[in-house]
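As C-alpha cells, the structure follows; a few thoughts come after it.
The values are calculated or read from the model by the stated rules, or taken from the named source; none is laboratory data. Source: prediction; values computed, not measured. For neighbour counting, all protein chains shown are included, and Cβ atoms are generated from backbone atoms with ideal geometry for every residue, glycine included. Ligands, DNA and RNA are excluded from the accessible area calculation, which covers all protein heavy atoms including side chains. Shrake-Rupley method; radii C 1.70, N 1.55, O 1.52, S 1.80 Å.
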Amino acid sequence: MLCQECEKRPATLHFTKIINGVKTEFHLCETCAREKGDIIPGTAGGFSIHNLLSGLLDFDPTNKGPNSAKAAPMIRCEECGMTYAQFSKIGRFGCSSCYKYFNGKLDPLLKRVHGNTVHVGKIPKRAGGHIKVKRRIDDLKQELQYSIIQEEFEKAAQLRDQIRELEKEISED
Amino acid sequence: MSNLRFTEQPLSEWMRRRGNDSDIVISSRIRVARNLQHIPFPMLATNQQSEEVLNRLNEVLKSNALQPFGTFHLVRMSSLDELDKRVLVEKHLVSPDLAGESRNGAVLLNDQESVSIMINEEDHLRIQCLYPGFQIREAWKLASAIDDAFEAHVDYAFDDRKGYLTCCPTNVGTGVRASVMMHLPALVMTQQISRILSAVSQVGLAVRGIYGEGSEATGNMFQISNQITLGQSETEIIDNLESVVHQIIQHEKNARERLLAESKVRITDRVMRSYGILSHAAIIDSKEAAQRLSDVRLGIDLGLIQGVPDSVMNELNVMTQPGFLQKYFHEKMDAGERDMYRAKLIREKLGKTG
C-alpha cells in the first residue's frame, strides 16, 4: 500500500482514529506522518492528551506567526489573563472563570471530547440548592409533555401546578 | 533517607485484603477532581495562592471532618527526598506530576493507604480511593462521601451547566475517573486483546498501561477507565465501566479455559519456565521481571503453581520497581546493579514461600 499523502513511498504507519464513533483511517509513510504532525500513539515524539486536545480545538492553523495572531480577535479570561490562543495551545484552563470567558468557543470542543455539553451528575449540596430545583422542573416539564401526548389532561394540570410552585420558589429568593 | 511510614512497606494495607474477581481485576480506583472558587488552578496559582489552598484543605483535616474515613496524615512533597517520592508514585499513592512539578503539592494519606487526597496537583483537590479486586462501586461511595465532607467546609468551583470545573477539559462535569487494573494474560496470548481493546475504546472507555498516561502495558496489566465526564452521571459512568469490565473478565476466563483445554502442556511449560527463571536468575531487568511475574501469576490462577500466595505477586510488582528496590536495600544503584538486586529479591521472595 502506498502512502495516501505523497503516493510515492510505501505506507508504514496505519492508524485508526475513532472519535465519537466516527472512524477515520490513515495510511502514511513515516516522512509524511512526521510532516503532518500527526504524532501517532506509541511512536517516538511524544503524545499526550493535551496535544490531542489542542488538535481538537478550532484554532486556525495559519495563525502561527506573531503578526497574524493580531488579526484574530483576542479572547481573554479577565480573571487569570489566559488567552484562548494560549488555552488552545496547552489544552488546560487557567482558572474556573476561563469557562465563562471562553464559553462561546467551548461547546464544540466539549462535544467532541465528551459527546455532550451539559453536566447531569452530582451537585454540591450547599452551592447547588437551586440547581436541584431547576433539574426537578426540567424533569416535570418532560413528564408534562408526555402526559399531553397521552391525553392525560388531569395529570398534566397537576404537573403544571407543581412546576409553577417550584418556579415561584426559585424566584422568591 | 527519611523514615516515612508510607514508603517502608511495598504493599498498602488495602492491597492485602481480597476483592471480587481478584484473580483478574487487581484493583479498583475512583479519582474525583475538584477546585476551589476564586483561586487560579495550580498551574497558574502563585506560591501564596497555592499555599492558601493547602492551608484551607488542611483546615478541613484539622476540623476532624475526615475522621469517619480513618486517620489521615499530611505529607508535603517538599519534605520528601527523590527516592521517597518515587516509591509513592510506584505505589500509585501520588501521581508523577504531584511528585515532580507541583507547587506546594501535598498528599493526605490514611493509615490503610486506601485513600490518597492530592493537593495542588493539576487540580486543587484530587480525591483518590483504592479498593482491592473489582469494587468500583464501593470506591465511588467512599470518594463521594469524602467529597461531601470537603464540600461542607470549602466552596467548590461549580457551574450549573458545566458541572465541576477542572483544569483540563477532559475532566469537567463529574470530575470522576473510574478505573480498574486488570491482568489479562490469556487474552494477550490468544491475540484477542487488540480486538477487545478497540471495542472498549468505542464505548467511551480508555485503556492504558499500569502507570497511567503515556506508558505501555507491562506484564499484561491494563487499566480501563472512563473517558467521558460530561453528560453522564456518576452512576452511568460506573454502570458502563462495570458492565464492560464484567464482559472482559468473562472473555479472559474463557480464554484461560481454552488455553488449559487445548494447550495445557505449552502453557505449563511457559509458566514453569518463567517460575524457574525468577527462582534462579542472577540478573533480571524490570521488563522481563514484569512479564515473568505475569506468567507466574497466571500459573497460580490456573492451579499450575502451588504454594505461592498471590499477595506475594502484588508485593513483587511494587518491590521490583526501581525506587522501591533502592529503598529496600538502602542503597543507591545504577541500572545494572538494580537488575542484580531485583533478581536477588525475587529469588528470596519466591524461595521463602515456594
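Are there helices (runs of 4 or more DSSP H) fully within segment B:288-354 with at least 2 residues that are among the polar types (S, T, N, Q) and open to solvent by 10 Å² or more (accessible area, probe 1.4 Å)? List them.
Ranges flagged: B:310-319.
Given the criterion within 30 Å of residue A:108 (Cβ to Cβ) and touching a residue at least 12 places away in the same chain (Cβ under 8 Å), identify the matching residue among B:279, B:286, B:294, B:233.
It is B:233.
When residues of segment A:108-130 are filtered for being more than 9 Å from chain B (Cβ to nearest Cβ) and over 26 Å from residue B:238 (Cβ atoms), how many remain?
Within segment A:108-130, residues that are more than 9 Å from chain B (Cβ to nearest Cβ) and over 26 Å from residue B:238 (Cβ atoms) number 1.
Any idea which residue in segment B:154-180 is farthest from the other protein chains (Cβ to nearest Cβ), counting only those that are crowded, with 20+ Cβ neighbours inside 10 Å and more than 17 Å from residue A:119 (Cβ to Cβ)?
B:180
Looking at (1) at the interface with chain B (Cβ under 10 Å from one of its Cβ atoms); (2) in contact (Cβ under 8 Å) with a residue 12 or more places away in the chain; (3) touching an Asp or Glu at 6+ places or on another chain (Cβ under 7 Å), which one does residue A:133 not meet, given that it meets all the others?
Tallying (1) at the interface with chain B (Cβ under 10 Å from one of its Cβ atoms); (2) in contact (Cβ under 8 Å) with a residue 12 or more places away in the chain; (3) touching an Asp or Glu at 6+ places or on another chain (Cβ under 7 Å), residue A:133 fails exactly one: (1).
Does segment B:118-150 hold any residues that are free of Cβ contacts under 8 Å to residues at least 60 places away in the same chain and under 17 Å from residue B:54 (Cα atoms), and which are they?
Matches in segment B:118-150: B:118 only.
Just one of the numbered conditions (1) outside any helix (DSSP H, G or I); (2) over 18 Å from residue B:321 (Cα atoms) is not true of residue B:282; which one?
(2)
For segment B:122-143, what are the residues that are open to solvent by 20 Å² or more (accessible area, probe 1.4 Å) and either within 14 Å of chain A (Cβ to nearest Cβ) or not in a strand (DSSP E or B) (or both)?
B:122, B:135, B:137, B:138, B:140, B:141, B:142
Which one of these does residue A:125 not meet: (1) part of a helix (DSSP H, G or I); (2) open to solvent by 90 Å² or more (accessible area, probe 1.4 Å); (3) more than 20 Å from residue B:230 (Cβ to Cβ)?
(1)
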